[in-house]
Amino acid sequence: MKTIIEPFKIKSVEPIRFTTRPEREGILAAAGYNPFLIHADDVMIDLLTDSGTSAMSANQWAGIMKGDESYAGSKSFYAFESKVKEITGLKNIIPTHQGRAAEKILFSILGGKGKYFAANTFFDTTRANIEYTGAEAYDFLTEVGKHPEQRADFKGDMDLASLEVFIKEKDPENIPLVMLTITNNSGGGQPVSMKNIEETSLLCKKYGIPLYIDACRFAENAWFIKKREKGYADFSVPDICRKMFSFCHGATMSAKKDALVNIGGFLALNDQELALQCRNLLIVTEGFPTYGGLAGRDLEAIAIGLDEVMDEHYLQYRVRSVEYLGEKLIAAGVPIIEPPGGHAIYIDAKRFLPEVPPNQYPGQSIVCALYLEGGVRSVEIGSVMFGKYTADGQLLSPPMELVRLAIPRRVYTQSHVDYLLEVVIEVYNNRNTLGGYTITWEAPILRHFTARFKPL
Ligand SMILES: *Cc1c(COP(=O)(O)O)cnc(C)c1O
């Protein structure tokens, strides 16, 4: 088998500004040791997120020029609508400015006090939109998904036995929908099997509860099914996608992920009555139903991106480049969540820096070291992001201390990945020189975005 190459040529480039280590020391200190506060121009390899950071194709840029900006009935809307219908088979397609806007509309209508929602794992904005209405959100991730060092093909699956206990306990009447996040964002995009999607839908059907899909990374999930699940090797990616969506009643999507664009999203659903209510709310919060918070050109680019993302050469390159990064890190002894997911590598900071306790933020220490070593920007997902305090001011830490390296789509080449490997491995080999951090200032909520730190 020959090297899997990037399935594209580069027509337009964006220069990377090189910085020296002494410069980065000054930049990091000025940013309070919080990479969220670093200017992007001071970053060499930016792995903060895979959201909205995709490189668009020449075809998508041509679509931007062709975008029809008519207020009502834009040609670009119909191109977008027919593409989403073709992929999902869902009947009502409602464009939104990003994924959370679709969630906001859906859960404002279905949520409220006394309502319960269940998922394999809710993404944080989805959970926030549910809880904001007074409803409650519960995760039922399969057991193996909770163990970073255990390998399994579908670590994003729903735990059906606990879901059923939950449904009986809360009463199906109070559960407006069950959701499957595919791929499951937690753990770096662990896939959900077709079998699990089907079985979740059967369980929901038994209790008369609609199943929705959070479809942000539907194409990456389809690729894992093709590669790992028995019986799907000869299916085309679009056929796998259609089958995945055939089990659901609706979907929310952030086009900033698997639609290969920089902004956009949608809500798709079969229920006519609910769609009517959603469109009414859309008009108040987003815009008219044929543009919903987007320009016509954005809709055009999404329609094209949704096709491009299902290309097998693209998906092979995409999933393989993340896997390649993971394999080389494992070979160098760097502890990561295994196996690598579709869009990110999670470094296990607890095993990386066992000497640094959670209240000294081991993940933040690694994030800072990666920036200093090579201008790489990553993000802590541990006690900084999810830490809470007890009444007497003790830090309550989440179960895992992680550092996420999220890989933007079609942006970096293999030599960027090789450089990244050198940086991570260098930091790992010098891990005994790394110490902890303390927070010098923090906001009352979502502190990780703006907190300032100091090395201990
Ligand atoms: C990004 C994301 C969302 C929210 O989408 P935005 O476009 O960022 O609002 C929802 N669910 C998952 C799984 C995501 O990754």
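The values are calculated or read from the model by the stated rules, or taken from the named source; none is laboratory data. Bear in mind the structure is a predicted one, so any value in this text is a computation, not a measurement. Virtual Cβ from ideal backbone geometry, glycine too; neighbours counted across all protein chains shown.
Put simply, of N196, N221, N174 the only residue that is out of contact with any helix residue (DSSP H, G or I) (no Cβ under 9 Å at 6 or more places or on another chain) and either more than 21 Å from E86 (Cβ to Cβ) or not hydroxyl-bearing (S, T, Y) (or both) is N174. Looking only at residues of the stretch 220-254 that are within 14 Å of the ligand (Cβ to nearest atom) and touching a Cys at 6+ places or on another chain (Cβ under 7 Å), we find that the one that is farthest from A161 (Cα to Cα) is S254. The residues of the stretch 153-198 that are without any contact (Cβ under 8 Å) to a residue 12 or more places away in the chain and either on the phi > 0 side of the Ramachandran plot or in contact with an Asp or Glu (Cβ under 9 Å, 6 or more places away or on another chain) (or both) amount to a single one, D171. Could we say that Y71 is outside the structural domain of G250 (by TED's automatic domain parsing), outside any helix (DSSP H, G or I) and not hydrophobic (A, V, I, L, M, F, W, C) here? No: the conditions fail for Y71. Take the stretch 153-175 and flag every residue that is surrounded by fewer than 20 Cβ atoms within 10 Å (Cβ to Cβ) and in contact with a Gly (Cβ under 7 Å, 6 or more places away or on another chain). Passing the criteria: P172, N174. Among the residues of the stretch 406-456, just one is at pLDDT 95 or above and on the phi > 0 side of the Ramachandran plot, namely R410. For the stretch 237-289, filtering for residues that are farther than 24 Å from M56 by Cβ and either crowded, with 22+ Cβ neighbours inside 10 Å or touching a residue at least 60 places away in the same chain (Cβ under 8 Å) (or both) leaves 22.
Can you name the residue in the stretch 106-129 that is of a type in the set (A, V, I, L, M) and part of a helix (DSSP H, G or I) and is also nearest to the ligand (Cβ to nearest atom) among such residues? Taking the candidates together, the pick is A128.
Specify which of the listed residues (L37, L28) is buried (at least 19 other Cβ atoms within 10 Å of the Cβ), of a type outside the set (D, E) and either touching a residue at least 12 places away in the same chain (Cβ under 8 Å) or assigned by TED's automatic domain parsing to the domain that holds L420 (or both). Give the steps one after another, and end with the answer.
Numbers: L37 fails: buried (at least 19 other Cβ atoms within 10 Å of the Cβ).
Going through L37, L28 in turn, just one is buried (at least 19 other Cβ atoms within 10 Å of the Cβ), of a type outside the set (D, E) and either touching a residue at least 12 places away in the same chain (Cβ under 8 Å) or assigned by TED's automatic domain parsing to the domain that holds L420 (or both): L28.
Determine if the stretch 358-365 includes at least one residue that is over 19 Å from the mean Cα position of the chain (by Cα) and surrounded by fewer than 17 Cβ atoms within 10 Å (Cβ to Cβ). Yes, the stretch 358-365 contains a residue that is over 19 Å from the mean Cα position of the chain (by Cα) and surrounded by fewer than 17 Cβ atoms within 10 Å (Cβ to Cβ). The sole residue among V319, V356 that is assigned by TED's automatic domain parsing to the domain that holds R410 and part of a helix (DSSP H, G or I) is V319.
Every condition in (1) in contact with a helix residue (DSSP H, G or I) (Cβ under 7 Å, 6 or more places away or on another chain); (2) more than 16 Å from the ligand (Cβ to nearest atom) holds for E103 except the one numbered (2).
When residues of the stretch 36-59 are filtered for being among the β-branched types (V, I, T) and within 16 Å of the ligand (Cβ to nearest atom), how many remain? Walk me through it before giving the result.
We begin by selecting, within the stretch 36-59, every residue among the β-branched types (V, I, T); these are 38, 43, 45, 49, 53.
Subset that is within 16 Å of the ligand (Cβ to nearest atom): 49, 53.
Counting residues in the stretch 36-59 that are among the β-branched types (V, I, T) and within 16 Å of the ligand (Cβ to nearest atom) gives 2.
Given the criteria in contact with a Ser or Thr (Cβ under 9 Å, 6 or more places away or on another chain) and among the charged types (D, E, K, R), does D298 qualify? The answer is yes for D298. In the stretch 207-236, of all residues being among the aliphatic types (A, V, I, L, M) and in a helix (DSSP H, G or I), the one that is surrounded by the fewest Cβ atoms within 10 Å (Cβ to Cβ) corresponds to I225.
Is it the case that D258 is more than 13 Å from the ligand (Cβ to nearest atom), out of contact with any Leu (no Cβ under 7 Å at 6 or more places or on another chain) and among the acidic types (D, E)? If you could, list the steps in order and put the result at the bottom.
On the way: more than 13 Å from the ligand (Cβ to nearest atom): no; out of contact with any Leu (no Cβ under 7 Å at 6 or more places or on another chain): yes; among the acidic types (D, E): yes.
In short, no.
Counting only residues that are closer than 15 Å to A137 by Cβ, in a loop (DSSP other than H, G, I, E, B), within 15 Å of the ligand (Cβ to nearest atom) and at pLDDT 95 or above, how many does the stretch 150-188 have? Total satisfying the criteria: 1. Among the residues of the stretch 130-142, those identified as surrounded by fewer than 20 Cβ atoms within 10 Å (Cβ to Cβ) and away from the ligand (no atom under 16 Å from the Cβ) are T133, G134, E136, Y138.
Has the stretch 279-286 got at least one residue that is of a type in the set (A, V, I, L, M, F, W, C), more than 13 Å from the ligand (Cβ to nearest atom) and out of contact with any helix residue (DSSP H, G or I) (no Cβ under 7 Å at 6 or more places or on another chain)? Show your work before the answer.
Step one: filter the stretch 279-286 for residues of a type in the set (A, V, I, L, M, F, W, C), giving 281-284.
Next cut, more than 13 Å from the ligand (Cβ to nearest atom) only: 281-284.
Those still in the list that are out of contact with any helix residue (DSSP H, G or I) (no Cβ under 7 Å at 6 or more places or on another chain) too: 283-284.
Yes, the conditions are met somewhere in the stretch 279-286.
Here is a check on your reading of the model: is A62 within 24 Å of V309 (Cα to Cα), outside the structural domain of P335 (by TED's automatic domain parsing), away from the ligand (no atom under 16 Å from the Cβ) and free of Cβ contacts under 8 Å to residues at least 24 places away in the same chain?
Numbers: within 24 Å of V309 (Cα to Cα): yes; outside the structural domain of P335 (by TED's automatic domain parsing): yes; away from the ligand (no atom under 16 Å from the Cβ): yes; free of Cβ contacts under 8 Å to residues at least 24 places away in the same chain: yes.
Yes, satisfied.
Residue check: G134 meets all listed conditions (1) at pLDDT 95 or above; (2) in contact with a Ser or Thr (Cβ under 7 Å, 6 or more places away or on another chain) but one, namely (2).
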